[in-house]
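Quick notes on the structure that follows.
The values are calculated or read from the model by the stated rules, or taken from the named source; none is laboratory data. Given the structure is predicted, the values throughout are model-derived calculations rather than measurements. Cβ placement follows ideal geometry from the backbone for every residue including glycine, while neighbour counts extend to all protein chains displayed.
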């Protein structure tokens, strides 16, 4: 069915994409894999790094820590997020729209902000800790397992909330009414109809929570204090001044990637068997609650959202406090901001430039790859699509060290440049927009393109004048979300940055480690502000009030 | 300015599956030519081969005397109207129609002049600056038509352009299309599965089934003298009777059964089993008790005419149409009637397999298949 003329343009694009992916994905991953077997000093291939990992309990403990904190966080986010979604979609709750926006903001604001906000509240010299100890109550330590778990749950339950409320809205009211008319009680209806219908979606959300928790670097790094998780281990083994080993870090990275791939396909296998295509003609109407039920519903929603929002409020508040190093001297000022502008103006600029360039490249790649995989279906197009999606499940820390190992030496030396950070952002975040772009393209009838071709526009021109223009509005909303993620990126940038390519997220991290909480809060506030503005833009552009992932 | 189109031995394959095998036919200058057939018969495939969106696996396609097999679709200068209109949603009506002229590097003034002229012809000048989402189906169809003809294409191709419109608008638009085509005199190939539409709009029709052309002819030819039973039943309705052609003493008779025979004025071959096709309007209720005996099982009043479904004593059920002007009263359900053939010369006699019309001497297409 392919015409020769079409083939030429798209064949060139396809070959170009393959070369790019070979260079910036396959080759680095291969390097990582090779590096995990190869001892640079002795020049011998062996399993020594793997042996070391499994033989020393210190390392294996990191794996066990990661597992336990991630799985428990996943379970708790479901327990917190699913009821919240149910209450918010099925019952009339005043201020619902506002709550929903706060939930999204807390999800999209930089991940490690939660960690240090909670330190400022519940840490050794935290505000709440001090007040409580003053009246004689000693609260358990925020550091280590419990603190990481708290931050993960409050940070990640919005995923479950968004997935489940999306699924609940897609259930047509007739389904539940049918159950009721057949004599089911309310609880029975929820257990036998509603719950099974949203189960696949909820599992999808749970997987996302698990992978995000497993890959998160900032939170355990700031809050862990000896409670080592895999990303922290990879980072410290890689950059560690004492006994740092790229080979060993590579081996751990390979193990964690393999593990995630197994979990990912396991979940896919379980979920695919029971996925239901649903679209509600008439979603279930919201009901008014009465009495104590109403009280507890309101209490639940507002408390959860308040807890999730505290870090953001805390950060903004602290940014206006007068500080002297880690000490808050009392009183308010803009000193933190002036310090930031004086010392860290570059990193703000860097963040914007890098993320904007990255998002433009992402959009171009997305346009091309989704076109190839939808309109030029073939084995190779499919392979391109799969390859581009792969980084979706690779932790940022792994991408970071992979890139640094690979582009530190010939043929292409990129370490310390802006390019390496931009490339890592592109490779990491393209998967988040490619699915929605593919879905948009499926909705555009191919005859629109044929009309343009028959009017005299060659295929390439048709693509840019018609197809791309029609796809852009849809891609754009996804691109805003990808951009927010890119500008908040820490886990890969922390490994790849150099003095001149420091980004806002890295700067916050560095300030937190130095315990200059004032300046950290000021940059964080700028970052949160940026995110909120971008989100408002997203809502305005899409005309929606919510985000679907 | 108008061109001829010729398919010579053209073959289309999808992988190993041949969907069109060595097809040949020609379209005359300025002709309105329709490909008519049930869905999946290959009519759209032929259209898309001409447009360049389907490759050609064998034979040639000519526009005038130029082979276009290897010409890129964007260089064929073909105007195409799609089933779903394929209007560019991000451009105004003007933008849509001007789109094809822009790539041909006309200057602005010329573009404006030609677009405005064509908008007038298709009567959408009022909606010039509207976006497609604000237009009705009929208006969008007119935009699609304007966009296709404004580039002065060699050929105009239309792929079921009316199938998304409601019944009334469909009739209105087909008249509009026919008039516009007459006015600009462009060679047009039109694809439809709607036989009534084909009859109404075409200069000539090619009736297709299963990747083959069964018959090419004017609407009258095809309706009155279908080459085989498929065409007879696909175009309009035909009652098909199993009968015998009996030649005795140089006189041909059609024996329907023991009770009814029709004498023919001409010879159409020797004695044999035949199939006879009679249109519902050519059967009359015989008051003298001559003809095929049956019982009325359903009557449908349609205003201008009445349709009767009649179950013959010899098993099969047939359709009879009575014009309201010839009617005294509606025959009630259950009444026994006799049906005879009103106009023998309008009936068609096929061989036993239904593949050949014995009345037609030159039966090229039927013989080929």
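Would you be able to tell me the number of residues in the range B:96-105 that are surrounded by 17 or more Cβ atoms within 10 Å (Cβ to Cβ) and more than 8 Å from chain A (Cβ to nearest Cβ)?
So the answer is 4.
Residues in the range A:177-196: is at least one crowded, with 24+ Cβ neighbours inside 10 Å and over 17 Å from the mean Cα position of the chain (by Cα)?
No; the residues of the range A:177-196 include none that is crowded, with 24+ Cβ neighbours inside 10 Å and over 17 Å from the mean Cα position of the chain (by Cα).
Looking at residue A:221 and the list (1) under 30 Å from residue A:108 (Cβ atoms); (2) at pLDDT below 85; (3) buried (at least 16 other Cβ atoms within 10 Å of the Cβ), which single condition is not satisfied?
Condition not satisfied by residue A:221: (2).
Take residue B:199 and tell me if it is over 17 Å from the mean Cα position of the chain (by Cα) and either at pLDDT 90 or above or away from chain A (no Cβ under 14 Å) (or both).
Criteria not met by residue B:199.
In the range A:46-59, is there at least one residue being in contact with a strand residue (DSSP E or B) (Cβ under 9 Å, 6 or more places away or on another chain) and either modelled with pLDDT of 90 or more or not in a helix (DSSP H, G or I) (or both)?
yes
Okay, residues lined up against (1) part of a loop (DSSP other than H, G, I, E, B); (2) buried (at least 16 other Cβ atoms within 10 Å of the Cβ):
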| position | (1), (2) |
| --- | --- |
| A:227 | yes, yes |
| A:231 | no, yes |
| A:250 | no, yes |
| A:267 | no, yes |
| A:292 | no, no |
| A:306 | no, no |
| A:311 | no, yes |
| A:339 | no, yes |
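If you go through the range A:59-88, how many residues are crowded, with 17+ Cβ neighbours inside 10 Å, within 24 Å of the chain's Cα centre (by Cα) and closer than 30 Å to residue A:288 by Cα?
11
Looking at (1) part of a helix (DSSP H, G or I); (2) crowded, with 19+ Cβ neighbours inside 10 Å, which one does residue A:111 not meet, given that it meets all the others?
(1)
In the range B:275-288, is there at least one residue being over 30 Å from residue B:18 (Cα atoms) and loosely packed, with under 15 Cβ neighbours inside 10 Å?
Scanning the range B:275-288, I find at least one residue that is over 30 Å from residue B:18 (Cα atoms) and loosely packed, with under 15 Cβ neighbours inside 10 Å, so the answer is yes.
Each row is one residue, and each column tells you yes or no for (1) touching a residue at least 24 places away in the same chain (Cβ under 8 Å); (2) farther than 27 Å from residue B:199 by Cα.
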{"site": "B:14", "(1), (2)": "no, yes"}
{"site": "B:23", "(1), (2)": "yes, no"}
{"site": "B:34", "(1), (2)": "yes, no"}
{"site": "B:38", "(1), (2)": "yes, no"}
{"site": "B:57", "(1), (2)": "yes, yes"}
{"site": "B:62", "(1), (2)": "yes, no"}
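Quick check on residue A:143: is it in contact (Cβ under 8 Å) with a residue 12 or more places away in the chain and in a helix (DSSP H, G or I)?
Criteria not met by residue A:143.
Looking at (1) within 19 Å of the chain's Cα centre (by Cα); (2) more than 14 Å from every other protein chain (Cβ to nearest Cβ); (3) at pLDDT below 90, which is the one condition that is false for residue A:504?
(3)
Failed condition for residue B:13, given (1) away from chain A (no Cβ under 14 Å); (2) surrounded by fewer than 16 Cβ atoms within 10 Å (Cβ to Cβ); (3) in contact with a strand residue (DSSP E or B) (Cβ under 8 Å, 6 or more places away or on another chain), with all others met?
(1)
Mind listing whichever residues of the range B:294-304 are within 16 Å of residue B:336 (Cα to Cα) and surrounded by fewer than 17 Cβ atoms within 10 Å (Cβ to Cβ)?
Scanning the range B:294-304 gives B:295, B:297, B:298.
Report yes if some residue within the range B:138-151 is over 22 Å from the mean Cα position of the chain (by Cα) and more than 13 Å from chain A (Cβ to nearest Cβ); otherwise report no.
Yes, because at least one residue in the range B:138-151 is over 22 Å from the mean Cα position of the chain (by Cα) and more than 13 Å from chain A (Cβ to nearest Cβ).
Kindly indicate which of A:92, A:56 is over 27 Å from the mean Cα position of the chain (by Cα) and in contact (Cβ under 8 Å) with a residue 24 or more places away in the chain.
Just a single option satisfies the conditions, and that option is A:92.
Would you be able to say whether some residue in the range B:305-323 is at pLDDT 85 or above, surrounded by 15 or more Cβ atoms within 10 Å (Cβ to Cβ) and assigned to a loop (DSSP other than H, G, I, E, B)?
There is no residue in the range B:305-323 that is at pLDDT 85 or above, surrounded by 15 or more Cβ atoms within 10 Å (Cβ to Cβ) and assigned to a loop (DSSP other than H, G, I, E, B).
Are any residues in the range A:437-464 facing another protein chain (nearest Cβ under 7 Å) and either in contact with a strand residue (DSSP E or B) (Cβ under 6 Å, 6 or more places away or on another chain) or closer than 12 Å to residue A:371 by Cα (or both), and if so, which ones?
A:454
Would you mention how many residues in the range B:35-51 are out of contact with any strand residue (DSSP E or B) (no Cβ under 7 Å at 6 or more places or on another chain) and away from chain A (no Cβ under 14 Å)?
Adding up the residues that qualify gives 2.
Give me the pairs: first residue in the range A:436-452 and touching a residue at least 12 places away in the same chain (Cβ under 8 Å), second residue surrounded by fewer than 19 Cβ atoms within 10 Å (Cβ to Cβ) and outside any helix (DSSP H, G or I), beta-carbon distance under 7 Å, and six or more apart or on different chains, which are they?
No pair meets every condition.
Go through B:122, B:93, B:27, B:81 for me and flag whichever is within 25 Å of residue B:217 (Cα to Cα), buried (at least 21 other Cβ atoms within 10 Å of the Cβ), in contact (Cβ under 8 Å) with a residue 40 or more places away in the chain and more than 11 Å from every other protein chain (Cβ to nearest Cβ).
B:27
From the list A:380, A:424, A:373, which residue is modelled with pLDDT of 90 or more, touching a helix residue (DSSP H, G or I) at 6+ places or on another chain (Cβ under 9 Å), surrounded by fewer than 17 Cβ atoms within 10 Å (Cβ to Cβ) and within 26 Å of residue A:265 (Cα to Cα)?
Result of the check over A:380, A:424, A:373: A:380.
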